[in-house]
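The values are calculated or read from the model by the stated rules, or taken from the named source; none is laboratory data. Here the structure is a predicted model, which means the values were calculated and not measured. Every residue, glycine among them, receives a Cβ derived from its backbone with ideal geometry; neighbour counts consider all protein chains shown.
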Amino acid sequence: MARRGENIYKRKDGRWEGRYKTGIKPDGKTKNSSVYGKSYSEVKALLNEKRKNVDRTATVCPLTVKELFDLWFEHQKYCVKESMLANYAMKADKHILPALGGCKYEKLTVNMLNDFVARKLRQGLSPKYVSDIVMLIKTVCRFAYKHYNYANKAESVVVQQKREKHEFRILSRSEQAELNNYLHNNHSQHNIGIFISAVTGMRIGEVCALKWFDIDLEKRIITVSRTVQRIADSNGTSATKVILTTPKSNSSVREIPIPAALAAILREYRRDSECFVLSGSTKPLEPRTLQYRFRSLLKKLGLTAVNFHSLRHAFATTCIELGVDVKTLSELLGHSSVEITLNRYVHSSLKRKEECMALFSKNFAA
């Protein structure tokens, strides 16, 4: 039986046909040839032999790096989310194209790319961010090879510098308790947004995207199915815009039980089902407004200055300390794997380490 991607089909005349790539036409389209046989296995054997003998000498590329990026962006326009495309465009416009855009792709070398990586690291960009930039270059180069048979110029480029593990700052237990106590006793639409994230671990964009019809107070369930983001506008200017889009990944679409303390506050502020929870209107509150409110509140309460995303980290760490299993926590956070939950979102304090060692020491008690 034919496998997907093999390009082997049974024809109406009873024969089997297999198609294989032999090159690129002048218009950029793939040039194919065919082999025929009486059975699938016969055609598959013929195809394997033909593919071994196809000349894979790369086609000379007449384009500049910028022109090749333009081709890739046009291809990706209908393949990825608008927010992701905007992120790619920002990295290309800010870092890649100013340095390499005018270079003929045919003249691009691994040494040039490695020098580019070294410059970005010297400029103070983190190894992780530079790796993301390199990954974008590699993706475009693979596109050039796959679709136009141009050489993959970035195949052997790597970020050599060792990545340092970043310790994420979160509020201490006492600070979390003080913040949650204040939010519980001082109700406002902005405070509700902070409280929702603190007691559910929801991302800031997901909280801003909540509408009242997403909240079932009878079943005490929040349905997460959208997010609000500010992205670069694709009009050629430096302007940005706020969009309402699908969450970060498929696993981010989820249902979260509502804690009793939050349910009571939500009942108090209940509005029309089509209104956004935090704005009280049909227009969502944008994330940076909620970030500003959170920053001001921390300053007012004299708490450690942390970013809004630390609420999500603190939620995950607290859940683990309370004995929540990692699989359940991973699903509450909308992660695709438990490894992400453990590696990025669970933080162990010195006090917690002391408690663990105390438990271990009981094994040696007389």
Considering segment 283-301, residues that are among the aliphatic types (A, V, I, L, M) and under 25 Å from the mean Cα position of the chain (by Cα), and then whichever is nearest to residue 208 (Cα to Cα), we arrive at 285
The residue that is surrounded by the fewest Cβ atoms within 10 Å (Cβ to Cβ), considering only those in segment 199-220 that are part of a helix (DSSP H, G or I) and more than 24 Å from the chain's Cα centre (by Cα), is 213
Residues of segment 4-60 being small (Gly, Ala, Ser), in a strand (DSSP E or B) and either more than 19 Å from residue 145 (Cβ to Cβ) or at pLDDT 90 or above (or both), in sequence order, are 18, 33, 34, 37
Modelled with pLDDT of 90 or more and charged (D, E, K, R): does that describe residue 327? yes
Looking across segment 242-255 at residues that are farther than 11 Å from residue 205 by Cα and surrounded by 14 or more Cβ atoms within 10 Å (Cβ to Cβ), the single one that is farthest from the chain's Cα centre (by Cα) is 255
Residue pairs qualifying under the 6 Å Cβ cut-off, at least six apart or on distinct chains, with the first in segment 94-116 being more than 15 Å from residue 141 (Cβ to Cβ) and the second being part of a helix (DSSP H, G or I), are 95/133; 99/116
Among helices (runs of 4 or more DSSP H) completely within segment 271-354, the ones holding 2 or more residues that are not assigned by TED's automatic domain parsing to the domain that holds residue 206 are 310-321, 326-333, 338-345
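To keep it simple, each residue is scored yes or no on (1) at pLDDT 95 or above; (2) of a type outside the set (Ser, Thr, Tyr); (3) part of a helix (DSSP H, G or I).
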{"residue": "143", "(1), (2), (3)": "no, yes, yes"}
{"residue": "157", "(1), (2), (3)": "no, yes, no"}
{"residue": "167", "(1), (2), (3)": "no, yes, no"}
{"residue": "170", "(1), (2), (3)": "no, yes, no"}
{"residue": "174", "(1), (2), (3)": "no, no, yes"}
{"residue": "197", "(1), (2), (3)": "yes, no, yes"}
*State yes or no: is residue 192 surrounded by 14 or more Cβ atoms within 10 Å (Cβ to Cβ), at pLDDT below 95 and touching an Asp or Glu at 6+ places or on another chain (Cβ under 8 Å)?*
no
Contact list, first residue from segment 250-274 and under 18 Å from residue 180 (Cα atoms), second anywhere and among the aromatic types (Phe, Trp, Tyr), beta-carbon distance below 7 Å, six or more apart or interchain, is 262/195; 265/195
